[in-house]
Each structure stands twice: as structure tokens, then as C-alpha cells.
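K.L.:
Quick one: the structure is below, questions incoming.
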Amino acid sequence: MRLLGAFLRLLVAGALGAPPAPVRAGGREGEGGSRGSPAPPVPLPSGGGGHRGSPSRRWGGGAAAGPPVPPPPAPPFPSLQAPEARGTASTEPPVLSFREIWNRSFCRPLEQLVDVITEFPNEVEYIFRPSCVSLQRCGGCCGDEGLRCVPVETSTVTMQLLKIKPNGEAPYVEMTFTEHKQCECRPRQDLMRLGRRRSKTRGKRRQDKKRRKDCELCGTPRR
């Protein structure tokens with residue numbers, strides 16, 4: 001009966017001009033035949049005016065569907081200020097305050113280079129190496145011209161120097177120098193001496209005037 005029905009369907013399809021329908025076998029054979037039949041080809045998406053099968057169009061179409069990539073940021077505009085002006089503005093040193101300048105320049109112990117011959121004038125015939133040494137000595141300014149920065153506390157320091165003699169010998173010698181530990185502003189000695197000299201000269205002038213007056217009062221001796 002099944003074969004007869006299939007034969008009739010083929011005759012009707014040939015008379016009408018339609019393609020014949022595939023004949024399915026019943027039972028497990030039909031299922032096995034359907035599983036073994038190849039799958040129909042999947043049509044590729046068309047990408048506009050290009051070729052259908054080109055992979056570039058297929059990848060391009062997929063990328064176009066994503067979000068747009070923002071352009072890179074533009075570089076900042078260069079400063080309109082001149083390079084010389086920019087350099088001076090950035091390298092301008094800070095202004096020192098009056099208090100800082102006063103503390104730096106006021107009377108206090110400072111490191112100074114002192115000649116060895118100045119400290120030992122009796123050693124002029126010798127040559128010392130080094131010829132000068134670093135010592136703490138009073139220096140700086142006082143608030144009045146009549147004052148001078150003088151040491152009020154001192155200490156000694158011993159140094160080893162090279163003493164070159166006229167005959168060529170150069171032994172190492174130990175020499176003691178004086179350092180200043182504390183300084184103060186005190187009146188200048190020369191001004192005080194000048195004031196004392198003026199007072200002495202004034203006293204002498206007064207004595208001379210008194211003597212002259214006494215001589216004038218004394219009359220010439222009578223005979």
C-alpha cells in the first residue's frame with residue numbers, strides 16, 4: 001500500500017509539473033536517512049556593493065555594528081608667552097626678609113681663613129703649608145658705628161702644619177691658634193682713647209691760662 005501511494009504521488013506531480021517530493025522510508029531507516037543528509041548551505045550576508053564572498057566585507061560589516069571609536073585628543077596649544085619671560089618667572093629667587101639678613105650679618109663667630117704668618121710674626125723666615133688655616137673669629141656688623149664686634153670668650157686649638165726651613169727640611173710641627181667662641185658689640189677703643197686725649201689737652205690748657213693770669217698779677221719787683 002505504501003509503494004502504491006508513493007507511485008500515485010509521483011504521477012500526480014509529473015502531471016502538474018511540480019518537483020517530486022522525497023520519499024521517506026518508514027521506521028528507523030527514514031530517520032537514519034534524514035540524519036545522514038547534508039545540511040543546506042547558509043547564505044552569506046551581502047555587504048553593499050562589494051563581492052559576496054569577500055572576508056573583508058564580512059569583517060567590516062561586523063565592526064561597523066559596534067560603537068564608534070572617539071578620535072584622539074588634540075594637543076594643547078603652546079603658550080603665547082615668550083620663552084625668556086617664562087624662564088625668568090620660574091627661576092626668580094625668593095626675597096630674603098630683613099630679620100634673616102640682620103641675623104646673618106650681626107656680630108657673631110664666623111669661619112675665617114687666617115694667615116699663619118699673621119698669627120706668628122716671628123716665624124717669617126719659614127714657609128708653612130698650608131699657609132692659612134680656618135678659624136672661628138668674631139665678625140659682622142653692630143647697630144652703631146661707635147661699636148665694634150669683639151670676642152668675650154676664647155679657646156685654643158692645636159693644628160699640625162708642615163714647616164719648611166731654609167735648608168730644605170720640612171718637619172711636621174704643632175701650632176696653637178686662638179678661636180673666638182662668643183662675641184659682643186662694645187665701644188671702640190680708639191674713640192675712648194681719643195676722648196681721653198681731648199680731656200687731657202683741655203686740662204693742660206686751663207693750667208696754662210691760670211699760670212698766665214698769676215704771672216700777670218705779679219708785678220715787677222721794685223728796686
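K.L.:
Describe numerically, in nm with one decimal, the distance between label points set 7 Å from Cα along Cα→Cβ at Asp144 and at Glu174.
P.N.:
4.4 nm
K.L.:
Now a separate question. Mind giving me the nanometre distance, one decimal, between the label points for Val124 and Gln112, set 7 Å out from Cα along Cα→Cβ?
P.N.:
2.2 nm
K.L.:
Please list the non-local residues whose amide H lies under 5 Å from the amide H of Cys107, H modeled 1.01 Å from N, same-chain partners needing a gap of 5 or more.
P.N.:
Distant-sequence amide H within range of Cys107: Cys141.
K.L.:
Rounded to the nearest 5, what is the percent of antiparallel bridges among the DSSP beta bridges in the range 98-191?
P.N.:
Antiparallel: roughly 95 percent of the beta bridges in the range 98-191.
K.L.:
Can you work out the Karplus-derived ³J(HN,Hα) for every residue in the range 139-148? Use 6.51 cos²θ - 1.76 cosθ + 1.60 with θ = phi - 60°, whole Hz, and x for glycine or proline.
P.N.:
For the range 139-148, the Karplus-derived couplings read x, x, 10, 10, x, 9, 5, x, 10, 9 Hz, x marking Gly and Pro.
K.L.:
Determine the gain in length on full extension of the stretch Trp102-Glu184; use 0.36 nm per residue of separation and subtract their C-alpha separation, reporting nm with one decimal.
P.N.:
Full extension of this stretch gives 28.0 nm more.
K.L.:
Suppose the chain between Leu3 and Lys165 were pulled fully straight at 0.36 nm per residue; how much longer would it get relative to their current alpha carbon spacing?
P.N.:
43.9 nm
K.L.:
Counting other C-beta atoms within 10 Å, which of Arg99, Arg9 has the fewest, and how do the rest follow?
P.N.:
Arg99, Arg9
K.L.:
Where a ≥ b ≥ c are the square roots of the eigenvalues of the C-alpha gyration tensor, would you call the range 98-191 rounded, which needs a/c under 1.5, or, failing that, prolate if a/b is larger than b/c, or oblate?
P.N.:
prolate
No lab work stands behind these numbers, since they all come straight from the coordinates. Keep in mind it's a predicted model, so treat the numbers as computed, not measured. Here Cβ is always computed from backbone atoms with ideal geometry, including for glycine, and neighbour counts include all displayed protein chains.
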